[in-house]
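Let me begin by presenting the structure, written as C-alpha coordinates, before commenting on it.
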Amino acid sequence: MGLSLEQDITTDLRVLESHLDGMLNRVQHNSLTLKRLQSFEMRLLGLSSLAEMIEFILGEAKALFDLDVISLCLIDAKNEIASYLEVDNYNYQDREGLFLASSEWQLRHSFGLSDQPFLGSYQTTACEKFFSESNQQKPASVVIAPLIRRDKYLGSLNLGSYHNERFMQGMATDFVEHIASVISICLENNLNVETMRRTSLVDPLTGVNNRRFLEQRIEEELDRSQRNREPLSCLFLDIDYFKRINDGFGHQAGDHVLAVVAGVIKKVLRNNDVLARYGGEEFVALLSQSDASTASEIAERIRLSIAKLQVEYADQVIPVTISIGVATYQASRSQKKPVTEIALQLIQTADAALYEAKRKGRNRVENGGLVLVSESV
Ligand SMILES: Nc1nc2c(ncn2[C@@H]2O[C@H](COP(=O)(O)OP(=O)(O)OP(=O)(O)O)[C@@H](O)[C@H]2O)c(=O)[nH]1
(Lines give C-alpha, C1' and ligand atoms only; values in the text may rest on other atoms or scores of the structure.)
Protein backbone atom coordinates (compact mmCIF):
# COMPACT_ATOMS: atom_id res chain seq x y z
CA MET A 1 0.00 0.00 0.00
CA GLY A 2 2.77 2.36 1.12
CA LEU A 3 4.86 1.47 -1.90
CA SER A 4 2.01 1.92 -4.37
CA LEU A 5 1.24 5.40 -2.96
CA GLU A 6 4.87 6.30 -3.34
CA GLN A 7 4.80 5.03 -6.92
CA ASP A 8 1.63 7.02 -7.66
CA ILE A 9 3.19 10.18 -6.24
CA THR A 10 6.36 9.61 -8.24
CA THR A 11 4.34 9.12 -11.44
CA ASP A 12 2.25 12.24 -10.71
CA LEU A 13 5.42 14.17 -10.07
CA ARG A 14 6.90 13.01 -13.39
CA VAL A 15 3.74 14.02 -15.20
CA LEU A 16 3.80 17.38 -13.48
CA GLU A 17 7.46 17.80 -14.30
CA SER A 18 6.87 17.09 -17.96
CA HIS A 19 3.91 19.54 -17.98
CA LEU A 20 6.16 22.11 -16.40
CA ASP A 21 8.86 21.47 -18.99
CA GLY A 22 6.28 21.85 -21.74
CA MET A 23 5.07 25.13 -20.24
CA LEU A 24 8.62 26.40 -19.85
CA ASN A 25 9.33 25.56 -23.48
CA ARG A 26 6.21 27.42 -24.56
CA VAL A 27 7.13 30.44 -22.45
CA GLN A 28 10.62 30.44 -23.95
CA HIS A 29 9.20 30.05 -27.44
CA ASN A 30 6.69 32.86 -26.89
CA SER A 31 9.30 35.16 -25.43
CA LEU A 32 11.53 34.49 -28.46
CA THR A 33 8.63 35.19 -30.81
CA LEU A 34 7.87 38.40 -28.93
CA LYS A 35 11.49 39.52 -29.19
CA ARG A 36 11.54 38.78 -32.92
CA LEU A 37 8.29 40.67 -33.38
CA GLN A 38 9.64 43.67 -31.46
CA SER A 39 12.82 43.74 -33.49
CA PHE A 40 10.79 43.40 -36.72
CA GLU A 41 8.60 46.33 -35.68
CA MET A 42 11.52 48.53 -34.65
CA ARG A 43 13.24 47.99 -37.97
CA LEU A 44 10.00 48.49 -39.89
CA LEU A 45 9.34 51.79 -38.10
CA GLY A 46 12.84 52.98 -39.02
CA LEU A 47 12.37 52.60 -42.78
CA SER A 48 11.84 55.78 -44.70
CA SER A 49 10.78 54.77 -48.19
CA LEU A 50 8.02 52.70 -49.68
CA ALA A 51 10.42 50.53 -51.67
CA GLU A 52 12.51 49.76 -48.57
CA MET A 53 9.39 48.88 -46.65
CA ILE A 54 8.08 46.48 -49.31
CA GLU A 55 11.47 44.78 -49.56
CA PHE A 56 11.70 44.46 -45.80
CA ILE A 57 8.25 42.93 -45.38
CA LEU A 58 8.56 40.52 -48.29
CA GLY A 59 12.17 39.63 -47.61
CA GLU A 60 12.53 39.53 -43.85
CA ALA A 61 9.12 38.64 -42.53
CA LYS A 62 9.10 35.30 -44.37
CA ALA A 63 12.20 34.05 -42.58
CA LEU A 64 11.42 35.78 -39.32
CA PHE A 65 7.99 34.20 -38.92
CA ASP A 66 8.91 30.93 -40.57
CA LEU A 67 6.47 31.24 -43.47
CA ASP A 68 6.52 29.37 -46.76
CA VAL A 69 4.83 32.10 -48.77
CA ILE A 70 4.23 35.79 -48.19
CA SER A 71 2.67 38.47 -50.33
CA LEU A 72 1.59 42.04 -49.98
CA CYS A 73 -1.32 43.59 -51.78
CA LEU A 74 -1.49 47.40 -51.87
CA ILE A 75 -4.46 49.46 -53.04
CA ASP A 76 -3.25 51.95 -55.61
CA ALA A 77 -6.41 53.60 -56.90
CA LYS A 78 -4.67 56.70 -58.25
CA ASN A 79 -1.58 54.93 -59.54
CA GLU A 80 0.49 56.89 -57.03
CA ILE A 81 2.31 53.94 -55.51
CA ALA A 82 3.30 52.70 -58.98
CA SER A 83 4.64 56.12 -59.95
CA TYR A 84 6.54 56.58 -56.66
CA LEU A 85 8.18 53.19 -57.07
CA GLU A 86 8.94 53.86 -60.72
CA VAL A 87 10.66 57.15 -59.92
CA ASP A 88 12.81 55.29 -57.37
CA ASN A 89 13.71 52.75 -60.09
CA TYR A 90 12.04 49.97 -58.12
CA ASN A 91 10.91 47.23 -60.45
CA TYR A 92 7.56 46.65 -58.75
CA GLN A 93 6.03 44.77 -61.68
CA ASP A 94 8.54 41.94 -61.38
CA ARG A 95 8.70 41.85 -57.58
CA GLU A 96 7.47 38.45 -56.54
CA GLY A 97 4.78 38.73 -53.89
CA LEU A 98 3.79 42.34 -54.54
CA PHE A 99 0.39 43.13 -56.02
CA LEU A 100 -1.04 46.57 -56.70
CA ALA A 101 -4.83 46.56 -56.81
CA SER A 102 -6.73 49.33 -58.53
CA SER A 103 -9.50 49.50 -55.96
CA GLU A 104 -10.47 48.44 -52.49
CA TRP A 105 -13.57 46.83 -53.94
CA GLN A 106 -11.47 44.59 -56.13
CA LEU A 107 -10.20 42.94 -52.95
CA ARG A 108 -13.31 43.10 -50.85
CA HIS A 109 -15.43 41.70 -53.64
CA SER A 110 -13.09 38.90 -54.67
CA PHE A 111 -12.61 37.68 -51.16
CA GLY A 112 -15.58 39.03 -49.28
CA LEU A 113 -12.90 40.30 -46.93
CA SER A 114 -14.15 41.91 -43.77
CA ASP A 115 -12.07 43.96 -41.35
CA GLN A 116 -10.98 40.72 -39.64
CA PRO A 117 -8.18 38.48 -40.93
CA PHE A 118 -9.20 35.37 -42.80
CA LEU A 119 -7.59 32.13 -41.56
CA GLY A 120 -7.97 28.72 -43.09
CA SER A 121 -7.30 26.38 -45.97
CA TYR A 122 -6.22 27.71 -49.32
CA GLN A 123 -9.22 28.03 -51.63
CA THR A 124 -8.22 28.44 -55.25
CA THR A 125 -10.82 30.92 -56.44
CA ALA A 126 -10.63 33.12 -53.37
CA CYS A 127 -6.90 32.93 -52.65
CA GLU A 128 -5.42 32.91 -56.14
CA LYS A 129 -5.41 36.68 -56.32
CA PHE A 130 -3.22 36.87 -53.21
CA PHE A 131 -0.78 34.09 -54.02
CA SER A 132 -0.55 34.01 -57.78
CA GLU A 133 3.15 33.47 -58.39
CA SER A 134 3.91 31.53 -61.52
CA ASN A 135 5.58 28.26 -60.54
CA GLN A 136 5.42 28.52 -56.82
CA GLN A 137 3.81 25.75 -54.82
CA LYS A 138 0.45 26.90 -53.51
CA PRO A 139 0.16 27.16 -49.72
CA ALA A 140 -2.10 24.69 -47.91
CA SER A 141 -3.26 27.14 -45.25
CA VAL A 142 -3.29 30.93 -45.29
CA VAL A 143 -3.92 34.12 -43.35
CA ILE A 144 -5.16 37.13 -45.27
CA ALA A 145 -5.01 40.15 -43.00
CA PRO A 146 -6.50 43.45 -44.16
CA LEU A 147 -4.32 46.54 -43.76
CA ILE A 148 -6.61 49.28 -42.52
CA ARG A 149 -5.85 52.75 -41.27
CA ARG A 150 -8.43 55.31 -40.13
CA ASP A 151 -11.18 53.21 -41.71
CA LYS A 152 -9.34 53.26 -45.01
CA TYR A 153 -8.48 49.99 -46.62
CA LEU A 154 -4.80 50.10 -47.69
CA GLY A 155 -4.32 46.50 -48.82
CA SER A 156 -3.67 43.10 -47.31
CA LEU A 157 -0.82 41.09 -45.82
CA ASN A 158 -1.00 37.50 -46.99
CA LEU A 159 0.82 34.69 -45.23
CA GLY A 160 0.88 31.07 -46.33
CA SER A 161 2.17 27.73 -45.10
CA TYR A 162 2.55 24.39 -46.87
CA HIS A 163 1.09 22.75 -43.74
CA ASN A 164 -2.62 22.42 -43.48
CA GLU A 165 -2.72 22.90 -39.72
CA ARG A 166 -0.56 26.02 -39.50
CA PHE A 167 -3.44 28.43 -40.03
CA MET A 168 -6.86 27.08 -39.14
CA GLN A 169 -10.24 28.68 -38.71
CA GLY A 170 -10.90 29.60 -35.12
CA MET A 171 -7.24 30.17 -34.19
CA ALA A 172 -6.40 33.35 -32.33
CA THR A 173 -5.52 36.21 -34.68
CA ASP A 174 -4.14 38.78 -32.17
CA PHE A 175 -0.59 38.27 -33.36
CA VAL A 176 -1.28 38.74 -37.06
CA GLU A 177 -3.71 41.60 -36.36
CA HIS A 178 -0.97 43.31 -34.40
CA ILE A 179 1.57 42.96 -37.24
CA ALA A 180 -1.03 44.11 -39.77
CA SER A 181 -1.79 47.22 -37.72
CA VAL A 182 1.91 48.13 -37.38
CA ILE A 183 2.42 47.61 -41.13
CA SER A 184 -0.65 49.77 -41.83
CA ILE A 185 0.77 52.63 -39.74
CA CYS A 186 4.14 52.40 -41.51
CA LEU A 187 2.48 52.18 -44.89
CA GLU A 188 0.36 55.27 -44.23
CA ASN A 189 3.41 57.16 -42.94
CA ASN A 190 5.59 56.21 -45.87
CA LEU A 191 2.86 57.12 -48.35
CA ASN A 192 2.50 60.55 -46.72
CA VAL A 193 6.26 61.11 -46.76
CA GLU A 194 6.50 60.06 -50.42
CA THR A 195 3.62 62.37 -51.36
CA MET A 196 5.21 65.28 -49.52
CA ARG A 197 8.60 64.54 -51.02
CA ARG A 198 7.15 64.62 -54.55
CA THR A 199 4.80 67.56 -54.20
CA SER A 200 7.50 69.76 -52.72
CA LEU A 201 9.69 69.05 -55.74
CA VAL A 202 7.11 69.23 -58.50
CA ASP A 203 5.77 72.29 -60.27
CA PRO A 204 1.97 72.03 -60.06
CA LEU A 205 1.26 73.87 -63.33
CA THR A 206 3.43 71.79 -65.66
CA GLY A 207 3.84 68.59 -63.65
CA VAL A 208 7.63 68.63 -64.20
CA ASN A 209 10.11 69.06 -61.37
CA ASN A 210 10.86 72.45 -59.88
CA ARG A 211 14.07 74.39 -59.39
CA ARG A 212 14.62 72.98 -55.90
CA PHE A 213 14.67 69.48 -57.36
CA LEU A 214 17.10 70.56 -60.08
CA GLU A 215 19.44 72.06 -57.50
CA GLN A 216 19.51 68.74 -55.64
CA ARG A 217 19.84 66.57 -58.69
CA ILE A 218 22.46 68.55 -60.61
CA GLU A 219 25.08 67.80 -57.93
CA GLU A 220 24.18 64.12 -57.88
CA GLU A 221 24.39 64.01 -61.69
CA LEU A 222 27.76 65.76 -61.65
CA ASP A 223 29.07 63.34 -59.02
CA ARG A 224 28.01 60.44 -61.19
CA SER A 225 29.46 62.01 -64.30
CA GLN A 226 32.81 62.46 -62.51
CA ARG A 227 32.79 58.91 -61.16
CA ASN A 228 31.98 57.33 -64.51
CA ARG A 229 34.02 59.83 -66.56
CA GLU A 230 30.92 60.51 -68.67
CA PRO A 231 29.75 63.84 -70.10
CA LEU A 232 26.75 65.72 -68.71
CA SER A 233 24.95 68.34 -70.78
CA CYS A 234 22.61 71.06 -69.72
CA LEU A 235 19.88 72.69 -71.83
CA PHE A 236 18.47 76.09 -70.86
CA LEU A 237 15.12 76.49 -72.65
CA ASP A 238 12.98 79.63 -72.82
CA ILE A 239 9.69 80.17 -74.67
CA ASP A 240 9.98 83.05 -77.15
CA TYR A 241 7.93 86.22 -76.71
CA PHE A 242 5.92 84.61 -73.95
CA LYS A 243 4.75 87.98 -72.73
CA ARG A 244 3.04 88.47 -76.09
CA ILE A 245 1.24 85.14 -75.67
CA ASN A 246 -0.03 86.25 -72.27
CA ASP A 247 -0.98 89.69 -73.55
CA GLY A 248 -2.57 88.42 -76.77
CA PHE A 249 -4.39 85.30 -75.57
CA GLY A 250 -4.69 85.80 -71.84
CA HIS A 251 -2.80 84.51 -68.80
CA GLN A 252 -4.73 81.22 -68.73
CA ALA A 253 -3.81 80.54 -72.34
CA GLY A 254 -0.21 81.25 -71.30
CA ASP A 255 -0.51 78.69 -68.51
CA HIS A 256 -1.85 76.16 -70.97
CA VAL A 257 1.07 76.82 -73.35
CA LEU A 258 3.53 76.28 -70.49
CA ALA A 259 2.01 72.90 -69.64
CA VAL A 260 1.92 71.78 -73.30
CA VAL A 261 5.51 72.88 -73.93
CA ALA A 262 6.71 71.06 -70.79
CA GLY A 263 4.95 67.92 -71.99
CA VAL A 264 6.62 68.12 -75.42
CA ILE A 265 10.10 68.63 -73.95
CA LYS A 266 9.57 65.69 -71.59
CA LYS A 267 8.51 63.49 -74.47
CA VAL A 268 11.69 64.19 -76.44
CA LEU A 269 13.93 63.54 -73.42
CA ARG A 270 14.78 60.08 -72.12
CA ASN A 271 13.13 58.82 -68.93
CA ASN A 272 16.24 59.28 -66.83
CA ASP A 273 16.96 62.83 -68.01
CA VAL A 274 16.06 65.58 -65.57
CA LEU A 275 13.63 68.31 -66.58
CA ALA A 276 12.74 71.21 -64.29
CA ARG A 277 10.79 74.42 -64.59
CA TYR A 278 13.45 76.92 -63.62
CA GLY A 279 11.37 80.05 -63.51
CA GLY A 280 8.38 81.66 -65.30
CA GLU A 281 8.73 80.39 -68.88
CA GLU A 282 12.20 78.88 -68.46
CA PHE A 283 13.09 75.19 -68.23
CA VAL A 284 16.39 73.42 -67.57
CA ALA A 285 17.17 69.88 -68.69
CA LEU A 286 20.11 67.70 -67.67
CA LEU A 287 21.14 65.06 -70.16
CA SER A 288 23.36 62.38 -68.67
CA GLN A 289 25.93 60.61 -70.87
CA SER A 290 25.36 63.23 -73.59
CA ASP A 291 28.29 65.10 -75.14
CA ALA A 292 27.98 68.54 -76.73
CA SER A 293 26.97 67.33 -80.19
CA THR A 294 24.37 64.84 -78.89
CA ALA A 295 22.95 67.56 -76.64
CA SER A 296 22.71 69.96 -79.60
CA GLU A 297 20.87 67.31 -81.62
CA ILE A 298 18.40 66.71 -78.80
CA ALA A 299 17.91 70.47 -78.34
CA GLU A 300 17.26 70.81 -82.07
CA ARG A 301 14.69 68.01 -81.90
CA ILE A 302 12.91 69.83 -79.04
CA ARG A 303 13.02 73.15 -80.91
CA LEU A 304 11.49 71.58 -84.03
CA SER A 305 8.78 69.69 -82.11
CA ILE A 306 7.67 72.93 -80.47
CA ALA A 307 7.80 74.99 -83.68
CA LYS A 308 5.52 72.40 -85.29
CA LEU A 309 3.04 72.55 -82.40
CA GLN A 310 -0.49 73.76 -82.89
CA VAL A 311 -1.44 74.78 -79.37
CA GLU A 312 -5.19 75.18 -79.24
CA TYR A 313 -6.88 77.17 -76.53
CA ALA A 314 -10.46 78.45 -76.47
CA ASP A 315 -10.88 77.99 -80.23
CA GLN A 316 -7.68 79.79 -81.00
CA VAL A 317 -4.37 78.42 -82.27
CA ILE A 318 -1.36 79.85 -80.48
CA PRO A 319 1.98 79.79 -82.32
CA VAL A 320 4.89 78.89 -80.03
CA THR A 321 8.64 78.74 -80.51
CA ILE A 322 11.47 78.14 -78.09
CA SER A 323 15.15 79.14 -77.84
CA ILE A 324 17.70 76.81 -76.30
CA GLY A 325 21.21 77.25 -74.89
CA VAL A 326 23.46 74.20 -74.49
CA ALA A 327 26.50 73.62 -72.24
CA THR A 328 28.46 70.46 -71.48
CA TYR A 329 30.64 69.22 -68.65
CA GLN A 330 33.19 66.66 -69.78
CA ALA A 331 34.84 65.14 -66.70
CA SER A 332 37.84 63.87 -68.67
CA ARG A 333 38.61 67.34 -70.07
CA SER A 334 37.75 69.61 -67.16
CA GLN A 335 39.55 71.09 -64.21
CA LYS A 336 38.94 69.45 -60.83
CA LYS A 337 36.43 71.67 -59.01
CA PRO A 338 33.76 71.15 -56.37
CA VAL A 339 30.46 70.06 -57.92
CA THR A 340 28.66 73.17 -56.63
CA GLU A 341 31.04 75.30 -58.69
CA ILE A 342 30.68 73.11 -61.78
CA ALA A 343 26.87 73.20 -61.42
CA LEU A 344 26.91 76.99 -61.34
CA GLN A 345 29.21 77.19 -64.37
CA LEU A 346 27.15 74.69 -66.33
CA ILE A 347 23.88 76.56 -65.81
CA GLN A 348 25.49 79.96 -66.39
CA THR A 349 27.10 78.81 -69.65
CA ALA A 350 23.84 77.31 -70.92
CA ASP A 351 22.03 80.54 -69.92
CA ALA A 352 24.60 82.66 -71.77
CA ALA A 353 24.16 80.45 -74.89
CA LEU A 354 20.39 80.92 -74.57
CA TYR A 355 20.91 84.67 -74.49
CA GLU A 356 22.91 84.33 -77.74
CA ALA A 357 20.07 82.33 -79.31
CA LYS A 358 17.62 85.09 -78.35
CA ARG A 359 19.98 87.77 -79.65
CA LYS A 360 20.38 85.96 -82.97
CA GLY A 361 16.63 85.99 -83.59
CA ARG A 362 15.05 83.24 -81.35
CA ASN A 363 13.60 79.85 -82.35
CA ARG A 364 17.14 78.48 -82.44
CA VAL A 365 19.73 76.44 -80.57
CA GLU A 366 23.13 77.84 -79.54
CA ASN A 367 25.89 75.72 -78.08
CA GLY A 368 28.03 77.36 -75.40
CA GLY A 369 30.55 74.47 -75.49
CA LEU A 370 32.44 72.83 -72.65
CA VAL A 371 32.70 74.31 -69.16
CA LEU A 372 35.86 74.55 -67.03
CA VAL A 373 38.14 73.16 -69.74
CA SER A 374 41.53 72.34 -68.28
CA GLU A 375 44.54 74.12 -69.82
CA SER A 376 46.72 71.06 -69.35
CA VAL A 377 44.51 68.73 -71.39
N1 LIG B 1 0.80 82.60 -67.98
C2 LIG B 1 1.90 82.66 -67.25
N3 LIG B 1 2.82 83.61 -67.49
C4 LIG B 1 3.95 83.65 -66.76
C5 LIG B 1 4.19 82.72 -65.74
N6 LIG B 1 5.39 82.99 -65.20
C7 LIG B 1 5.90 84.06 -65.85
N8 LIG B 1 5.03 84.47 -66.81
C9 LIG B 1 5.15 85.57 -67.75
O10 LIG B 1 6.16 85.27 -68.69
C11 LIG B 1 6.54 86.50 -69.31
C12 LIG B 1 8.02 86.48 -69.59
O13 LIG B 1 8.31 87.60 -70.37
P14 LIG B 1 9.75 88.11 -70.72
O15 LIG B 1 10.71 87.70 -69.64
O16 LIG B 1 9.63 89.54 -71.07
O17 LIG B 1 10.19 87.29 -71.95
P18 LIG B 1 9.46 86.94 -73.32
O19 LIG B 1 8.25 87.75 -73.56
O20 LIG B 1 9.26 85.46 -73.34
O21 LIG B 1 10.56 87.33 -74.36
P22 LIG B 1 11.88 86.57 -74.74
O23 LIG B 1 12.19 85.60 -73.65
O24 LIG B 1 12.93 87.63 -74.85
O25 LIG B 1 11.62 85.89 -76.03
C26 LIG B 1 6.14 87.61 -68.36
O27 LIG B 1 5.10 88.35 -68.96
C28 LIG B 1 5.61 86.87 -67.13
O29 LIG B 1 4.50 87.51 -66.54
C30 LIG B 1 3.18 81.72 -65.49
O31 LIG B 1 3.28 80.87 -64.62
N32 LIG B 1 2.06 81.73 -66.27
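Give me the residue from region 358-370 that is touching a strand residue (DSSP E or B) at 6+ places or on another chain (Cβ under 6 Å) and either more than 14 Å from the ligand (Cβ to nearest atom) or in a helix (DSSP H, G or I) (or both) and, out of that set, nearest to Asp238 (Cα to Cα).
Lys358
How many residues are surrounded by fewer than 18 Cβ atoms within 10 Å (Cβ to Cβ) and either at pLDDT 70 or above or under 15 Å from Val69 (Cα atoms) (or both) when one looks only at region 121-147?
So in region 121-147, the residues surrounded by fewer than 18 Cβ atoms within 10 Å (Cβ to Cβ) come out as 121, 123-126, 128, 132-138, 140.
Those left that are additionally either at pLDDT 70 or above or under 15 Å from Val69 (Cα atoms) (or both): 121, 123-124, 128, 132-138, 140.
The qualifying residues number 12.
Where the second residue is open to solvent by 10 Å² or more (accessible area, probe 1.4 Å) and not basic (Lys, Arg) and the first is in a loop (DSSP other than H, G, I, E, B) and lies in region 150-163, which pairs have Cβ atoms under 7 Å and are six or more apart or on separate chains?
Note: pairs meeting the criteria are Tyr162/Asp68; Tyr162/Gln137; Tyr162/Ala140; His163/Ala140.
Between a first residue in region 230-259 that is closer than 18 Å to Ala314 by Cβ and a second residue that is more than 6 Å from the ligand (Cβ to nearest atom) and among the aromatic types (Phe, Trp, Tyr), which pairs have beta carbons less than 7 Å apart while being 6 or more apart in sequence or on different chains?
Filtered contacts from region 230-259: Phe249/Tyr313; Ala253/Tyr313; His256/Tyr313.
Which of the residues belonging to region 259-290 are assigned to a helix (DSSP H, G or I), within 16 Å of the ligand (Cβ to nearest atom), open to solvent by 10 Å² or more (accessible area, probe 1.4 Å) and touching a strand residue (DSSP E or B) at 6+ places or on another chain (Cβ under 9 Å)? Break it down into steps so the answer makes sense when it comes.
First, pick out the residues of region 259-290 that are assigned to a helix (DSSP H, G or I): 259-268.
Okay, now just the ones that are also within 16 Å of the ligand (Cβ to nearest atom), so 259-263, 265.
Pick out the ones that are also open to solvent by 10 Å² or more (accessible area, probe 1.4 Å) and you get 259-260, 263.
Answer for region 259-290, where residues must be assigned to a helix (DSSP H, G or I), within 16 Å of the ligand (Cβ to nearest atom), open to solvent by 10 Å² or more (accessible area, probe 1.4 Å) and touching a strand residue (DSSP E or B) at 6+ places or on another chain (Cβ under 9 Å): just Val260.
Quick grid of which residues meet (1) closer than 23 Å to Lys360 by Cα; (2) at pLDDT below 95:
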{"site": "Glu300", "(1), (2)": "yes, no"}
{"site": "Ser305", "(1), (2)": "yes, no"}
{"site": "Ala314", "(1), (2)": "no, yes"}
{"site": "Ser323", "(1), (2)": "yes, no"}
{"site": "Tyr329", "(1), (2)": "no, no"}
{"site": "Pro338", "(1), (2)": "no, yes"}
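Does Cys186 fit the bill of being in contact with a helix residue (DSSP H, G or I) (Cβ under 9 Å, 6 or more places away or on another chain), more than 16 Å from the ligand (Cβ to nearest atom) and part of a strand (DSSP E or B)?
So Cys186 does not fit the description; no.
On the basis of being surrounded by 17 or more Cβ atoms within 10 Å (Cβ to Cβ), in contact with a His (Cβ under 7 Å, 6 or more places away or on another chain) and touching a residue at least 60 places away in the same chain (Cβ under 8 Å), does Tyr313 make the cut? Before the answer, list the steps.
Values: surrounded by 17 or more Cβ atoms within 10 Å (Cβ to Cβ): yes; in contact with a His (Cβ under 7 Å, 6 or more places away or on another chain): yes; touching a residue at least 60 places away in the same chain (Cβ under 8 Å): yes.
It is true that Tyr313 is surrounded by 17 or more Cβ atoms within 10 Å (Cβ to Cβ), in contact with a His (Cβ under 7 Å, 6 or more places away or on another chain) and touching a residue at least 60 places away in the same chain (Cβ under 8 Å).
Are there helices (runs of 4 or more DSSP H) fully within region 1-112 with at least 2 residues that are in contact with an Asp or Glu (Cβ under 8 Å, 6 or more places away or on another chain)? List them.
Numbers: elements: 2-45, 50-64, 80-87, 104-111.
Qualifying helices (runs of 4 or more DSSP H): 2-45, 50-64, 80-87.
Residues are listed down the side, and each one gets a yes or a no for (1) closer than 14 Å to Leu346 by Cβ; (2) within 16 Å of the ligand (Cβ to nearest atom); (3) open to solvent by 20 Å² or more (accessible area, probe 1.4 Å); (4) in a helix (DSSP H, G or I):
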residue: Leu214; (1), (2), (3), (4): yes, no, no, yes
residue: Glu220; (1), (2), (3), (4): yes, no, yes, yes
residue: Leu232; (1), (2), (3), (4): yes, no, no, no
residue: Leu237; (1), (2), (3), (4): no, yes, no, no
residue: Lys243; (1), (2), (3), (4): no, yes, yes, yes
residue: Val257; (1), (2), (3), (4): no, yes, no, yes
residue: Arg301; (1), (2), (3), (4): no, no, yes, yes
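I'd like to know if region 343-357 contains one or more residues that are at negative phi, outside any helix (DSSP H, G or I) and open to solvent by 50 Å² or more (accessible area, probe 1.4 Å).
Kept after step one, since they are at negative phi, are these residues of region 343-357: 343-357.
Still in the running and outside any helix (DSSP H, G or I): none.
Checked against the condition, which is being at negative phi, outside any helix (DSSP H, G or I) and open to solvent by 50 Å² or more (accessible area, probe 1.4 Å), region 343-357 yields no hits at all.
Can you pull out the residues in region 149-206 that are hydroxyl-bearing (Ser, Thr, Tyr) and at pLDDT below 90?
Our first condition is that a residue be hydroxyl-bearing (Ser, Thr, Tyr); within region 149-206, this holds for 153, 156, 161-162, 173, 181, 184, 195, 199-200, 206.
Listed by number, the residues that qualify are Tyr153, Thr173, Thr195, Thr199, Ser200.
When you look at Leu5, is it surrounded by 11 or more Cβ atoms within 10 Å (Cβ to Cβ) and either closer than 27 Å to Lys152 by Cα or out of contact with any strand residue (DSSP E or B) (no Cβ under 9 Å at 6 or more places or on another chain) (or both), yes or no?
Details: surrounded by 11 or more Cβ atoms within 10 Å (Cβ to Cβ): no; either closer than 27 Å to Lys152 by Cα or out of contact with any strand residue (DSSP E or B) (no Cβ under 9 Å at 6 or more places or on another chain) (or both): yes.
Judged against the criteria, Leu5 is not a match.
The values are calculated or read from the model by the stated rules, or taken from the named source; none is laboratory data. Because the structure is a prediction, the values reported are computed rather than measured. Here Cβ is always computed from backbone atoms with ideal geometry, including for glycine, and neighbour counts include all displayed protein chains. The area values use the complete protein model at the heavy-atom level, side chains included, leaving out ligands, DNA and RNA. Shrake-Rupley method; radii C 1.70, N 1.55, O 1.52, S 1.80 Å.
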